[in-house]
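What follows is a single structure, written as structure tokens, with notes after it.
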Amino acid sequence: RPWPALPDTLFVRPARSPQALRLLPQAASGVAESNYLATLGDMLAQWLGVNGAWLPLLPSLRAGGLDLAGLLAMSSSAVEPSPTEAPATDLPLLSVYRDGELQEQYPLSSPLLVIGSQVSCDILLTGGGMAGQHVRLSCPDPLAPGAAWQVTPLARTETTAIEGRQLLPERPEEWLPGQMLQLGLYTLRWQPARAASVTENPIAWQQALAVTATPALATLAPGESASYQLLIHNQSGVVLNGWLGIAGLPGGWVTLSERLLELMPEQEMLVIAGVQVPAGSGAQAGERRWQLTLTPELDARPQPIAELGLRISPVSDFTIQLHPNQLSRRGTIDLHIRNLGNTPASFAISARDSAARLTFTLPANEVAVDGGQTEIVPVHIEAGQPPWLGGTLNFPFTVRVAGPAGKVLSQNGQLDQPPRLPYWIFAILGALLIGLCGLVGLLYNGYSQRQAAAAATTQAIEDEAGLSATLTRAFEQSQPTPAIVPSLTPFPTLTSEPEVILPQVAPSITMFFVEESVAARVGARPPVP
């Protein structure tokens, strides 16, 4: 029968056009003619009749020689459809690009997501200038219509920007759908839950894909790693495409060798899933179930395609510390018990000193600590009555903690007990007494000198007065006594005899001797009159 010519254009979904350009030549060259129509027809049936654009058909498929009557009928009658009202899918979608290529897509289902290079981050992006915890995405209700996301930079870097606008650390910024968020060499963009076409038919992915896992259950201890070999077989009659992911384990625990799944019918794909339980992560011992998921390109909801198991072996270890480890007189120390294991454990606490002089008070002799947690136990310590005199007494003590598997750890400390009256008090009292005696001596010496000076001055004055009186008497005695003429009448009579005038040198002589006597006492001679 004649084969009609192929049309120049086919109506395909824009998001599917890169996959179409890759898969159509592959289908044309690698699939037998008997299976080609069914394969290509099923593939294009998912693309036709949905919102999109008319794209040129590859020349390799327009060369003729293939019977595509069914496809021609479908494509000839296909016209650009009008948007159809349909309920929104459950989750918005976050797309991650690097160097212009799509790296990964994540459903935005959690109200809080941390993006960074640490294994504890919700979305792990390594290299490319990423910080350990780069940004935080937050949205109170990500599933609500018109939900808005906010970006809060957690690291100080110049490569965090929205549409070229640099963001400041710890300052939330609104991130609208379609806007480009730059994180180092990565570019992120999110889109709200799209409207699904009524013509799309959901595929039972667990029935379409058969996954064989080796092993199905791995046993690991913290710090160890294991690899799962996942053989994925497309047992449906259509081409299956999507992004592989994991659920049930922290994102930093699992690495997948392949993220993009592209399987033709009856085609197989081997994916290696490496699982490592980080040491010190606090992961509790026991068995966990986790799933390998597939996020179809036509549906933003991750679909589980295989369930696997991980058994975490129990680990027991712990450390202790004392804060502080030295006290004076009495006090309380904090005993920090850190359970490094991944199972709850009980720890017995005891304390003693070699001199048996200290009293230890514990809230309990045994405490239980969950795996990866720290318990702080206060230990009150005091000694007996301190001595009145003497030096400071030192009482070393030891706190012991017995944990699981017979492990015992100990920490040493010391309590210092000073006397009530230490030696330095007597030294201070002696110094004060000596100073007081010196002060009294200085005051007494000054007082004695002032008293001696006053007595000397008084004696000099007395000696001067006595000498003056002696000289005056001697002078008076050396002068003749005038005769007394009795008066015959009560009236005086004038005589012609001259009046006797005493010499005026006596006072001068008297003062000379007085001054000489005083000068002799003070060590100087008076001037000669």
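If you wrap segment 206-312 in the convex hull of its Cα atoms and look at it from every side, the mean projected area works out to 6.2 nm².
At 4 °C and 1.567 mPa s, grab the translational diffusion coefficient of segment 217-257 from Stokes-Einstein with a Kirkwood Rh over Cα pairs, rounded to a whole number in µm² per second. Reported coefficient: 98 µm²/s. Descending by average beta-carbon neighbour count within 10 Å, the peptides 110-117, 131-138, 257-264, 350-357 line up as 131-138, 110-117, 257-264, 350-357, the highest first.
Highest mean packing first, where packing is the average number of other Cβ atoms within 10 Å per residue, the peptides 339-345, 321-327 line up as 339-345, 321-327. If you bin all the Cα-Cα distances of segment 93-191 at 10 Å, starting from zero, the percentages per bin are 17, 56, 26, 1. Three semi-axes describe the equivalent ellipsoid of segment 283-415; taken as square roots of 5 times the Cα gyration tensor eigenvalues and ordered largest first, they are 50, 14, 9 Å.
For segment 154-190, applying the loop criterion from DSSP together with a ceiling of 11 other beta carbons within 10 Å to the GluC sites (Glu not before Pro) yields 158, 163, 170.
Coordinate-derived values only; no laboratory data. Keep in mind that this is a model prediction, so the values were computed, not measured. Heads up, the Cβs are rebuilt from the backbone with ideal geometry, glycines too, and the neighbour counts pull from every protein chain shown.
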